[in-house]
Amino acid sequence: MISLEELKNLPSEAESAALSAKNQQELNQIAIRFLGRKSKLTLFLRSLKDLPKEKRVEVGQVANKVRSRISEIFEARGRSLAHSLKPIDITLPGISPRLGHAHLISQAINEISAIFKEIGFKRVRHPEVESDWYAFEALNMPPDHPARDEWETFFMDRPAKGDGDGKRFILTPHATSGTTRALVARKLPLRVINIQKCYRRQSDISHVPMFHQFDGVYADEGVTIRHLKGVLEYFVKSYFGVKREVRLRPFHFRFTEPSFEVDISCGVCGGQGCRLCKEGWVELGGAGMLHPNVLKAAKIDPAKITALAFGWGVERVLLMRSGLEIPDIRILYENDLRFLEQF
Amino acid sequence: MLFRLPYSWLKEYVWVPKNPHDLARQLSLHGPSVEKVEAVRHEFTGVVVGEIVSIERHPNADKLQVAMVRANNGVLLRIICGAPNIKVGQKVPLALVGATLPGGTTVSRRAVRGVMSEGMLCSARELGIHDDHLGILILHPSSKIGARLVDLGDVKDYVLEVEPTTNRPDISSVIGVAREVSAIVGKPLKQSGGRSEIKKTYSCPLTVKVLNRKLCPRFMAVLIKNVSVGASPWWMQERLARAGIRPINSVVDVTNYVLLEYGQPLHAFDADKLGNTIIVREAKPGETILALDGRTYRLKSNHLVVADAKKPVSIAGVMGGETTAVTTNTTNVVLECANFDPVSIRRTSRELQLFSDSSRLFEKGLSKESPTLTLSRAIELVHKICGGKHSSITDIRAKRYSPLSVELPLSRLSRVLGLSMPQLTVKRLLKRLGFRVGGQGATLRVTVPYWRDHDVSAPEDLIEEVARLYGYHRLTSVLPSVVLSTKDELEDFSTEDKLRHSLVAMGFVETLNYSFIRESWLKAMAYPPSRALKILNPLTNDLVFLRPSLLPSLAAIVEANLAHREEIKIFEIAKIYLPGQSHGRGLENYREEPVFLGGVMTRTGATAEELYRLIKGVVEDLYHKNVNNRADIQEELIKSRPPFADGLSAVIRQTNGRDGGVFGILDPLFLQSFGVNQMVAAFELPLSLFIGFRGYPAYRPPPKFPAVKRDISLAVSPNVRYTDLVRIMKSSTSLLESVELFDIYHDERLGDSMYSCAMHLIYRAPGRTLSSEEVEQAEAAMLKMLKGQFGVILR
Ligand SMILES: [Zn+2]
């Protein structure tokens, strides 16, 4: 026979035993061990009759409490077993609510315009079917200037009539035509960014006949090359990461003077020089201070006003940043859903 | 135009650092970009200069010869050789026994058809210097017998790939780069050759007439008699080859060598074939010339030629003619060194589709002064290599040269740089670049050196020169302070963004299409091509018209993706292009470019009705989310609005009465022309529909009292429109809160005249709980009204 001490421990033993039961059948067997005819408790209760009466009542009350406690434990465990859930294979696939996908280029345009918005560049919208005055002449490229050959320009089949007599219409080959429009139409100080479709007669693994450029201009008194460097660095570090460095190399454009090519340190080798870069640098695009002739064409006095400008390809910065490793830029425009749905 | 510059050549003209990568970095930061630095070296050993003493036929083989070749210390070696171009007395590259050649072959003594050969004679290709493999490489007669070939030039070198910008053709030359290096590193140019006045020996017998001095502002010519034309020296061939120019013969090589050195083209004629008359004139219509590239060109009167008394002998500045070409048989040569009008050269070159190093330089604009030194350098080299006696120089100029002078106010410099630079620094930097600088005050007077007279003409050009030489990397950057303003804020972009987000949330995939489409796509949507904007010079026949609708492009995407998709939901936000409404009246009325939102969806097996309701749901959600979340869109049935199908599409009527875009089912014939043979729904809405709505509708508290929900099924005639059905139901009782259609089906028992329409009805009263009697009464009244009005029966 067990001691009173052992009797009082029975509920906690029963509790852990009950928890070990995986189903009702097992629980029943365990319950028999604790409450059955041959259980320690039953044997104890039977032995009570041998005790003196006062003691019997006292010990009997304790023993009965133990028994009802143990019964409760098995009932509770029985209830919980009855409601318990079958375990789930947590590696089963999720069921997608089927979100759609924004195009990679839209995503890039959104990021780019957000970055420039932070430093006060307002986004504007300009025509794509443009007169050659805005695209070339106002940008210091008079008719028949050989520089015009560098753009593989699409021409519209009909010239302008009426007020626009003699003007040729083209599909603008660069977003810089929008810069001319902004200079002509808006008041100073001017700080705008134009992100738009541009067109050139070319198609190969790194060129598409339609692509996107973003072209920014900031014109005011006191705008200097140092501001240009500040703006370029802000964009590069925001878009490509703070570790990337910027350098300006002398270059030549008709509409800026000085003109630069903007390089950023190679993201693959960190500027050490590798197969994918030129001596540690990769070319981002052009920039410069607007040529006085451009300001004059927009009736702005170059003796008072200076302006910084930059113009880069959206596709180019997109492909330069990411780990996309798209081997052929034309893939961006093929509209294969199996491609678009990856991003 | 990439320029390949051997480093050793540059070193002749200016001090350079030992490591060419250092120079490349410096040049890229301050001057022309260096794209690449390539290490080059000869991959052969044991090759010496040999002299051919005798040649006999091989006793056992018709095509082989047995040559006795003198090598080191007069030793005679017997060499078997198959090349037909060797002659007694020639100097040739002789690979001795034990020599190694590029690719790893080792030359050994061996019997060839029974005769022992003690070495081999090499072609240019066998030595890896250039590609000629038709014969043995012939060396210049002055080459010392027995000398190691590698000692005649530079066994190891680097080649810089320099990319001058289009405004600096002067940099496409050894001296041009040397000038830049000199300015950047601050060391003077070394003088080397060609600087001394050429002494006159006899008077020039040539009669030169320049008939168009605008197109040919300068023409210099000289006759050199008794030259011996053969192979140019090893060092010259080596440099030409490394610079990417194929050696031809010593005179032609000199003209090419000097072109690379000075960036000024020259041309050599065989004087005996040319005669004594040179006329620079416009071509006569129909005149032809056989050019050095072996092709015959038919000339037009705007093409400038150099002609003899009768016919063109060269397309001026573009390419020489074959008949007067200098060959190894030439004994007298005429050298031409001239300046031609860039626009004329460019036009000629383009019209003839004939491009040469010469035309590429002239069309960028060269200084009229550069022929002087270039020609004397060429005369010097011809003397040195081919001998001969030269005449006086004939020099015809349109105008006397006077150098350009530009004023540079220092204040403008600091305004652009954002820092003030001491006058002395500015002067020093400009002088290093060859400018002469005068003036003491706030404005400098700067004289432009002749080689810059095409790209420097204004203060800004000088500011750029000072700034780049100073170094852009030395300027600290400043972020412009931000001035915030909501003026002229365009709502387009944020609206596009909201619409894009909504559509992506609905599972649509954004596509991006070219703005140009082919004519058949216009025809498929019955759009007259005459009303579309057309490209004059399309890239291909697919890309001719600017699209007046987004839907053809989207239909093409459906076709391309149906093979691997059961369901397609795609959209695009882009401009469409239309001729201006008031066409022909002013520049800005040329065209209109409104932004549209287009989308299509299809699901294999879906009916037109299902797809219609799905696309309408998309349009309604866009409208509710982005325009007005209370008002229903007002749709009107439309007809004749291709590519939408008649009777299955609707136009949105805006509150101001304007057309707010179309949605519905696409015409199967339209789809068929894209190869799509299933039902497709689409929408095309102007972005303007969504512009100008900000804020929210007034708050409505959630109902406090419970609703009573009942389902009914009605038999309805197809003539009754759903919208009228609901209107009557709602007008019959104020208790009906909403109606939701959950099924439409055609029941055979009803026949064709009726169909079944199942709905959830929600009844609710404000301020109290409805009793079932009330609802039953209301419903009975409603059914009665429906029956009376439309003959609708409860099923
Ligand atoms: Zn790298």
### Message
Just checking, does region A:303-317 include any residue being open to solvent by 50 Å² or more (accessible area, probe 1.4 Å) and within 16 Å of the ligand (Cβ to nearest atom)?
### Response
no
### Task
Kindly indicate the residue of region B:91-146 that is of a type in the set (D, E, K, R) and in contact with a helix residue (DSSP H, G or I) (Cβ under 7 Å, 6 or more places away or on another chain) and also most open to solvent (accessible area, probe 1.4 Å) among those meeting that condition.
B:D131
### Task
Return the pairs, sorted by first residue and then second, in which the second residue is more than 7 Å from the ligand (Cβ to nearest atom) and among the charged types (D, E, K, R), the first residue lies in region A:268-294 and is part of a loop (DSSP other than H, G, I, E, B), the beta carbons are less than 8 Å apart, and the residues are 6+ apart or on different chains.
A:G270/A:K243; A:G271/A:E245; A:G273/A:E279; A:E279/B:R25; A:H291/A:R254; A:H291/A:E257; A:H291/B:E460
### Message
What are the pairs with Cβ atoms under 9 angstrom where one residue, in region B:414-443, is within 29 Å of B:V478 (Cβ to Cβ) and in a loop (DSSP other than H, G, I, E, B) and the other, located anywhere, is open to solvent by 60 Å² or more (accessible area, probe 1.4 Å) and of a type in the set (S, T, Y)? Sequence gap at least six, or different chains.
### Response
B:G418/B:T476; B:L419/B:T476; B:S420/B:S411; B:A442/B:S411
### Message
Among (1) open to solvent by less than 60 Å² (accessible area, probe 1.4 Å); (2) assigned to a strand (DSSP E or B); (3) more than 27 Å from B:A467 (Cα to Cα), there is one condition B:L5 misses while meeting the rest; what is its number?
### Response
(3)
## Note on the structure
Flagged in region B:533-581 as open to solvent by 40 Å² or more (accessible area, probe 1.4 Å) and hydroxyl-bearing (S, T, Y), in numbering order, are B:T540
### Summary
Counted residues in region B:563-588 being at pLDDT 95 or above and within 23 Å of B:L503 (Cα to Cα) come to 10
### Query
Which number in (1) touching an Asp or Glu at 6+ places or on another chain (Cβ under 7 Å); (2) within 14 Å of the ligand (Cβ to nearest atom); (3) facing chain B (nearest Cβ under 7 Å) marks the one condition that A:G271 misses?
(3)
### Query
Scanning region A:244-262 for residues that are more than 7 Å from chain B (Cβ to nearest Cβ) and among the aliphatic types (A, V, I, L, M), which turns out surrounded by the most Cβ atoms within 10 Å (Cβ to Cβ)?
A:V262
### Task
Test B:L770 against the stated conditions and say whether it is surrounded by fewer than 15 Cβ atoms within 10 Å (Cβ to Cβ), aliphatic (A, V, I, L, M) and in contact with a Phe, Trp or Tyr (Cβ under 8 Å, 6 or more places away or on another chain).
no
### Query
Is it the case that B:I638 is of a type in the set (V, I, T) and open to solvent by 10 Å² or more (accessible area, probe 1.4 Å)?
yes
### Task
Write out, first by first residue and then by second, each pair whose Cβ atoms fall under 9 Å of each other, whose residues are 6+ apart or on separate chains, and whose first residue, in region B:256-275, is under 19 Å from B:E180 (Cα atoms) and touching a residue at least 40 places away in the same chain (Cβ under 8 Å) while the second is part of a helix (DSSP H, G or I) and among the charged types (D, E, K, R).
B:V258/B:R377; B:L259/B:D357; B:L260/B:R239; B:L260/B:D357; B:E261/B:R377; B:Y262/B:R377; B:G263/B:D170
### Task
Provide a single number: the residues in region B:476-525 that are in contact (Cβ under 8 Å) with a residue 40 or more places away in the chain and at the interface with chain A (Cβ under 8 Å from one of its Cβ atoms).
13
### Query
What number of residues in region B:384-413 are touching a residue at least 40 places away in the same chain (Cβ under 8 Å) and either under 22 Å from B:Y262 (Cα atoms) or in a loop (DSSP other than H, G, I, E, B) (or both)?
17
## Note on the structure
When (1) open to solvent by less than 60 Å² (accessible area, probe 1.4 Å); (2) farther than 30 Å from B:L94 by Cβ are applied to B:H42, the one that fails is (2)
### Task
Answer with yes or no whether B:E609 is open to solvent by 50 Å² or more (accessible area, probe 1.4 Å) and within 20 Å of B:F670 (Cα to Cα).
yes
### Condition met for B:I171 (aliphatic (A, V, I, L, M) and under 18 Å from B:L76 (Cα atoms))
no
### Task
Would you be able to say whether some residue in region A:238-255 is at positive phi, modelled with pLDDT under 90 and part of a loop (DSSP other than H, G, I, E, B)?
no
## Note on the structure
Within region A:274-302, residues more than 10 Å from chain B (Cβ to nearest Cβ), open to solvent by 10 Å² or more (accessible area, probe 1.4 Å) and within 16 Å of the ligand (Cβ to nearest atom) come out as A:C274, A:R275, A:L276, A:C277, A:V282
### Query
Just wondering, is there one or more residues in region A:83-96 that are among the acidic types (D, E) and either part of a helix (DSSP H, G or I) or closer than 25 Å to A:F235 by Cβ (or both)?
no
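Conditions (1) part of a strand (DSSP E or B); (2) buried (at least 21 other Cβ atoms within 10 Å of the Cβ), marked per residue:
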site	(1), (2)
B:P247	no, yes
B:P265	no, yes
B:V280	yes, yes
B:P285	no, no
### Entirely in region B:33-135, the strands (runs of 3 or more DSSP E) that have 2 or more residues that are within 14 Å of chain A (Cβ to nearest Cβ)
B:33-41
### Summary
Picking from B:V651, B:V600, the residue that is in contact (Cβ under 8 Å) with a residue 60 or more places away in the chain and assigned to a strand (DSSP E or B) would be B:V600
### Task
Provide a single number: the residues in region A:210-222 that are open to solvent by less than 10 Å² (accessible area, probe 1.4 Å) and at the interface with chain B (Cβ under 7 Å from one of its Cβ atoms).
1
#### Entry: Among (1) in a loop (DSSP other than H, G, I, E, B); (2) buried (at least 21 other Cβ atoms within 10 Å of the Cβ); (3) modelled with pLDDT of 95 or more - the single one B:K364 does not satisfy
(3)
### Residue under evaluation A:M320, criteria (1) in a strand (DSSP E or B); (2) within 16 Å of the ligand (Cβ to nearest atom); (3) touching a residue at least 40 places away in the same chain (Cβ under 8 Å), criterion not met
(1)
### Query
Assuming A:F240 fulfils every condition listed in (1) open to solvent by 20 Å² or more (accessible area, probe 1.4 Å); (2) within 12 Å of chain B (Cβ to nearest Cβ); (3) within 16 Å of the ligand (Cβ to nearest atom) apart from one, which condition is it?
(2)
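The values are calculated or read from the model by the stated rules, or taken from the named source; none is laboratory data. Note that this is a predicted model, so its numbers are computed, not measured. Methodologically, a virtual Cβ is constructed for each residue, glycine included, from the backbone with ideal geometry; neighbour enumeration extends over all protein chains shown. Remember, those area values only see protein heavy atoms, side chains included, never the ligands or the DNA or RNA. Shrake-Rupley method; radii C 1.70, N 1.55, O 1.52, S 1.80 Å.
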